[in-house]
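One structure below.
The values are calculated or read from the model by the stated rules, or taken from the named source; none is laboratory data. Just so we're clear, the structure is a prediction, and the values are computed from it rather than from any experiment. For neighbour counting, all protein chains shown are included, and Cβ atoms are generated from backbone atoms with ideal geometry for every residue, glycine included. Heavy atoms of the whole protein, side chains included, go into the accessibility calculation; ligands, DNA and RNA do not. Shrake-Rupley method; radii C 1.70, N 1.55, O 1.52, S 1.80 Å.
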Amino acid sequence: MELGYFKIPGHSTKRNWAVYIFVAKPKKKDKRNYFYVGKVGDNRDGCNPVISRVGNHFSYNKVHSQIRNSISNTENYDYEYFYCHFDKYDSKKELRIRDREKINELERELNRIVQVKLDKSKSILLNPYVGNHISKKEKERRAKILTTEEKAILLKLCEKAL
């Protein structure tokens, strides 16, 4: 029998748009860490709290369980979850579409930052963003979505996780 405990901070239950870095650290020190960059707020309708997303990573439903899909022996790792809330979720369609576009760009930018900062000799990013097949015009449009302050927050989040 195993008794366990972990604390869930109340702010992790907010229904806010957020990006996160999930870190899987092996219990055996000769293995590499795994990183996963994600967001809450899907590409359709809805936005679950970050704590819901954590649990889904270990689901046996392959659609939601990116960590379990990549690490079959999940019990041989310990996990850290770094996240940053941005805006409160609003179900009004026009606001939801605008906010979803922003969270998608926040996730892409965070992924790019992690790729640059990650020590690849010790860690693996499970889902590197490549961005192939994006037109120059679309890249220019996306480059205007985030503020300098938002990019600085993403950098701080990355530094905390690394």
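Computed values, structure above
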| item | result |
| --- | --- |
| Under Karplus coefficients 6.51, -1.76 and 1.60, residue-wise ³J(HN,Hα) of the stretch 15-23 in Hz, glycine/proline x | 9, 10, 5, 8, 10, 8, 10, 9, 10 |
| The chain - percent of accessible surface contributed by carbon and sulfur, probe 1.4 Å | 51 |
| Extension gain from Lys25 to Leu3, taking 0.36 nm per residue of separation minus the Cα-Cα distance | 5.8 nm |
| Environment charge at Lys88 (Cβ cut-off 10 Å; Lys +1, Arg +1, Asp -1, Glu -1) | -1 |
| Protection-proxy order for peptides 48-58, 145-155, each taking the mean of Cβ atoms within 10 Å per residue, highest first | 48-58, 145-155 |
| Residue pairs, from the table Lys14/Lys120; Lys136/Lys160; Lys7/Lys151; Lys39/Lys151; Lys39/Lys88; Lys88/Lys117, whose Cα atoms sit over 23 Å apart | Lys14/Lys120; Lys136/Lys160; Lys7/Lys151; Lys88/Lys117 |
| Extended-chain gain in nm, criterion 0.36 nm per residue less alpha-carbon gap, Ala143 and Asp119 | 6.1 nm |
| Selected from Gly46, Gly38, Gly131 as most flexible by GNM, with the chain as the system and alpha-carbon contacts under 10 Å | Gly131 |
| Among Lys117, Lys144, Lys39: highest mean-square fluctuation, GNM of the chain, C-alpha pairs under 10 Å | Lys144 |
| Largest-first principal axis extents, alpha carbons of the stretch 85-129, Å | 45, 17, 14 |
| Simple spin-label estimate for Asn127 and Arg112 in nanometres, 7 Å along Cα-Cβ | 1.8 |
| Calculated from backbone phi, Karplus (6.51, -1.76, 1.60) coupling profile of the stretch 120-131 in Hz, x at Gly/Pro | 5, 7, 10, 9, 10, 8, 6, 9, x, 7, 9, x |
| Alpha-carbon centroids, the stretch 94-160 and the stretch 19-36: separation in whole Å | 20 |
| Estimated FRET transfer efficiency when R0 is 30 angstrom, pair Asn61-Thr13 (beta carbons, to 0.05) | 0.90 |
| Residues of the stretch 64-162: accessible area per residue with a 1.4 Å probe, Å² | 63 |
| HN-Hα J in Hz across the stretch 72-88 - Karplus 6.51, -1.76, 1.60, θ = phi - 60°, x for Gly and Pro | 6, 9, 4, 6, 8, 10, 10, 10, 10, 10, 10, 9, 9, 6, 10, 8, 5 |
| Those residues of the stretch 81-106 whose amide nitrogen sits under 16 Å from the label point placed on Lys160, 7 Å along Cα→Cβ | 81-87 |
